[in-house]
1. Mind listing which GluC sites (Glu not before Pro) in region 8-43 are in a DSSP loop and have 14 or fewer other Cβ atoms within 10 Å?
2. Enumerate the amide H contacts of Gly55 below 5 Å, restricted to partners 5 or more residues apart or on another chain; note that Pro and chain-start residues carry no placed amide H.
3. Skipping prolines and chain starts, which residues have an amide H placed within reach, meaning under 5 Å, of the one on Leu31, given they are 5 or more residues away or on another chain?
4. Expressed as a whole percent, how much of the Cα-Cα distance distribution for region 1-67 exceeds 18 Å?
Amino acid sequence: DMGTVLNADYGSGVIIERLEGTGNGHNELRLTEESEMEALTNSQSVYPTYQAGFGPVKVKVVDPRKIQAANFELYIDKATQSSTSTLLSPYNGWKLINTLTND
């Protein structure tokens, strides 16, 4: 296709499925219709899926010409208290793994 067919738009958000954890990252959350129905029917959605661009973390397409099919898992380290401060760090770091290639 010589780069004429884009798999996303610049600034597009991605669909996120929460596997564990809590919180919204100070972001507006919007469940997919399926997750919303699951929550209404079962009093919860075990693995909620969020609409593109409305999940607990912000992920945006920067260069749609380079988008390839993939599935990723994002791991965020737990918050810890600094030895020099009473403040909690929001997280210690993160790891992103492509589950198709294990990279």
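A short reminder: the numbers here are calculations on the coordinates, not readings from a lab. All figures in this text were calculated on a predicted structure; none of them were measured in a lab. Neighbour counts are summed over all protein chains in view; Cβ atoms, including those assigned to glycine, are modelled from backbone coordinates with ideal geometry.
1. Glu20, Glu28
2. none
3. Gln51
4. Values: 999 of 2211 pairs.
In whole percent, the long-distance tail amounts to 45.
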